[in-house]
Amino acid sequence: MILRVVFNKKNYLKYIGHLDLMRLFHRSFNRAGVPIKYSEGFNPHPKFSIASPLSLGIESEEEYMDIDIEYVPVDEFIQKVNKVLPKDIQIIRGLYLEKEEAVASLIAWAFYEIDFEIEDIKEKINIESILNKWLSQDEIMITKLKKKGKKKIEKEENIKKFIGNIVFKEIIDKSIKIDALLKSGNNGNLKPMDFMETLNRDTCLNIDMDSINIKRLGLYAEKDNNIYKPL
């Protein structure tokens, strides 16, 4: 059976990488005594996967994981595993799937809250107007490194289609907070730091790049132009 769960990743544990996170869950499942299934063969490994892994240093309110497991009540599973997990990584909810479709293949968008500071601005600026003007362009180009065999080549890419929307939330002194819906998954991916570097390059905001703090609020699937949570 496939159990899909939602978990968070907060505070200092935002600095744990994806492979270490996988190891943490593996050890936690063992300590909790939950009946995770393993692959067959000479070197069996636990059958679970995390969708759209976070970049190092980003907090999250909602991450998705699919677990191949023998049946155990969802509430019991959550209680046992949360008891052995660190307090800054906790499972929030879960559900057994009727249709086994990997969550990693469903994810299409990621929703972020981004805080950052701007440097010397001598006059009041209209943040919302700047963001709307930037998004109104036909092209927002970015240079990416692509692998071609053993070589890495630079390739220009238009990321306009990877930006769902940007919502300006507030400005306090030099500190700005926005929400951004960015493409994520197999059909395109825009990292939030690439997004911020491009925004800073193309506008007069003069962003202090060292001040940027990013939190992922949710992941979304898409079907027939409608986005929805996969759990």
Could you identify the single residue in TYR96, TYR38 that is hydroxyl-bearing (Ser, Thr, Tyr), in contact with a helix residue (DSSP H, G or I) (Cβ under 8 Å, 6 or more places away or on another chain) and either outside the structural domain of PRO192 (by the TED database) or at pLDDT 95 or above (or both)?
TYR96
With the structure loaded, tell me whether ILE92 is in a strand (DSSP E or B), within 24 Å of ALA180 (Cα to Cα) and among the β-branched types (Val, Ile, Thr) or whether it fails that test.
yes
Take SER60 and decide whether it is in contact with a Lys or Arg (Cβ under 8 Å, 6 or more places away or on another chain) and more than 20 Å from ARG216 (Cα to Cα).
no
Taking segment 95-143 only, how many residues are β-branched (Val, Ile, Thr) and either assigned to a loop (DSSP other than H, G, I, E, B) or touching a Phe, Trp or Tyr at 6+ places or on another chain (Cβ under 6 Å) (or both)?
5
Matching residues, segment 137-192, being open to solvent by 50 Å² or more (accessible area, probe 1.4 Å), among the aliphatic types (A, V, I, L, M) and in contact with a helix residue (DSSP H, G or I) (Cβ under 7 Å, 6 or more places away or on another chain)
ILE171
Please enumerate the residues belonging to segment 61-81 that are part of a strand (DSSP E or B) and either open to solvent by less than 10 Å² (accessible area, probe 1.4 Å) or in the same structural domain as ASP179 (by the TED database) (or both).
GLU63, TYR64, MET65, ILE67, ILE69
Looking at GLU117, is it buried (at least 16 other Cβ atoms within 10 Å of the Cβ) and within 27 Å of GLU62 (Cβ to Cβ)?
yes
Of all the residues that make up segment 146-168, how many are under 12 Å from LEU135 (Cβ atoms) and part of a strand (DSSP E or B)?
6
ARG4, sole failed condition from (1) surrounded by 14 or more Cβ atoms within 10 Å (Cβ to Cβ); (2) in a helix (DSSP H, G or I)
(2)
Scanning segment 193-231 for residues that are touching a residue at least 24 places away in the same chain (Cβ under 8 Å) and of a type in the set (S, T, N, Q), which turns out least open to solvent (accessible area, probe 1.4 Å)?
THR198
Positions within segment 27-56 being open to solvent by 60 Å² or more (accessible area, probe 1.4 Å) and assigned to a helix (DSSP H, G or I), in sequence order:
ARG27, ASN30, ARG31
Pairs only if they're at least six apart or on different chains, beta carbon under 8 angstrom, first in segment 30-47 and over 18 Å from MET65 (Cβ atoms), second of a type in the set (Asp, Glu); list them, first residue then second.
none
For segment 25-61: of the residues being of a type in the set (D, E, K, R) and out of contact with any strand residue (DSSP E or B) (no Cβ under 6 Å at 6 or more places or on another chain), which is farthest from ALA102 (Cα to Cα)?
ARG31
Could you give me the residue pairs with C-beta distances under 7 Å whose first residue belongs to segment 82-109 and is free of Cβ contacts under 8 Å to residues at least 60 places away in the same chain, whose second residue is part of a helix (DSSP H, G or I) wherever it lies, and which are 6+ apart or on separate chains?
LYS83/ALA32; VAL84/SER28; VAL84/ARG31; VAL84/ALA32
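The values are calculated or read from the model by the stated rules, or taken from the named source; none is laboratory data. What you see is a predicted model, and the numbers here were worked out from it, not measured in a lab. Cβ atoms come from the backbone with ideal geometry, glycine included; neighbour counts cover every protein chain shown. Just so you know, the surface numbers come from the protein's heavy atoms only, side chains and all, with ligands and any DNA or RNA stripped out. Shrake-Rupley method; radii C 1.70, N 1.55, O 1.52, S 1.80 Å.
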